[in-house]
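**Student:** Just passing along the structure, written as structure tokens.
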Amino acid sequence: MKICVVSAVLLALFGISAAECDCSSAVDFQFRTIDRLSEMEQRLNKMSLEQEILTRKLSEKLAECDETEKKDKRCKDGWTRFKESCYKFGDSDLTFDSAQEYCKNIGASLVHIDTTEENVFLRGLLRTMKSPKHWIGVTDEAKEGNWTYLDGKTVSFTDWGTNQPNNGRVANCGAFWESFGYLWVDEPCTNTFKPICEM
């Protein structure tokens with residue numbers, strides 16, 4: 001005798017029509033139910049995998065957007081951009097420490113020069129500006145002859161003028177100087193030059 005004791009909820013859940021139920025035995029229905037459950041499990045596994053792939057792609061896209069934002073960084077008014085940095089050329093003559101404080105107050109630091117390309121760019125701007133002396137953020141005040149930036153980073157690139165640095169313990173701070181063709185010189189940190197800030 002064919003029977004079908006299935007609630008309307010189960011019929012709807014597994015997509016089985018009333019007609020199918022009428023022509024199926026309880027055993028047949030159980031087998032079809034198991035098949036439907038297996039299909040649903042496979043679909044859920046597939047959806048889980050697709051979600052994982054989409055999540056990974058989203059993370060990669062967000063990382064790309066972050067890199068693009070860094071590369072497309074816009075400089076504030078009065079600042080000059082070169083690659084991923086913005087530069088501010090101060091107008092006032094300040095001691096080395098005061099120059100660094102000035103840069104910090106505007107969210108920057110005295111310039112770090114890491115490549116020939118960056119150095120050539122800055123020298124070209126200074127020639128155009130006809131500005132004779134500007135501080136660079138390098139110092140050997142902590143240890144004579146060991147030039148570092150103020151954040152402790154070792155100086156990997158230099159462009160010292162002829163016979164520079166030459167003033168020993170008397171001069172522990174680096175600067176661009178017009179008289180040396182805007183090559184680097186060491187100067188007493190208490191001298192007053194204009195700052196070049198970088199952010």
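Each value in this text was obtained by applying a stated rule to the coordinates, not by laboratory testing. Because the structure is predicted, anything quoted here is derived from the model rather than measured. Positions of Cβ are backbone-derived with ideal geometry, glycine not excepted, and every protein chain shown enters the neighbour counts.
**Student:** Taking the Cβ of Gly152 as the centre, find all other residues whose Cβ is under 14 Å away and add up their charges (Lys, Arg: +1; Asp, Glu: -1).
**Tutor:** With Lys, Arg at +1 and Asp, Glu at -1, the net is -1.
**Student:** What FRET efficiency do you get for Asp151 and Lys76 if R0 is 30 Å and r is their Cβ-Cβ distance, rounded to the nearest 0.05? Please list the in-between numbers first.
**Tutor:** Working: r = 22 Å, r/R0 = 0.72.
After rounding to 0.05, the efficiency reads 0.90.
**Student:** Pop a pseudo-label 7 angstrom from the Cα along the beta-carbon direction at both Thr55 and Asp93 and give the gap in nm to one decimal.
**Tutor:** Here the answer is 6.3 nm between the modelled labels.
**Student:** Something else now. Distance cut-off 22 Å, Cα to Cα: go down the list Lys88/Lys194; Lys130/Lys194; Lys104/Lys143; Lys76/Lys153; Lys76/Lys194 and report the pairs above it. Before the final figure, lay out each step's value.
**Tutor:** Working: Lys88/Lys194 10 Å; Lys130/Lys194 12 Å; Lys104/Lys143 24 Å; Lys76/Lys153 26 Å; Lys76/Lys194 19 Å.
Too far apart for the 22 Å limit: Lys104/Lys143; Lys76/Lys153.
**Student:** What is region 80-198 by shape, rounded, prolate or oblate, if you read a ≥ b ≥ c off the alpha carbon gyration tensor as root eigenvalues and call it rounded for a/c under 1.5, prolate for a/b larger than b/c, and oblate otherwise? Present the calculation step by step, with values, prior to reporting the outcome.
**Tutor:** Details: a/c = 1.31, a/b = 1.19, b/c = 1.10.
Verdict is rounded for region 80-198.
**Student:** Could you tally the net charge around Pro165, taking each other residue with its Cβ under 14 Å from the Cβ of Pro165, Lys/Arg +1 and Asp/Glu -1?
**Tutor:** Numbers: positive: Lys143, Arg169; negative: Asp140, Glu141, Glu144, Asp159, Asp186, Glu187.
Residues near Pro165 contribute -4 overall.
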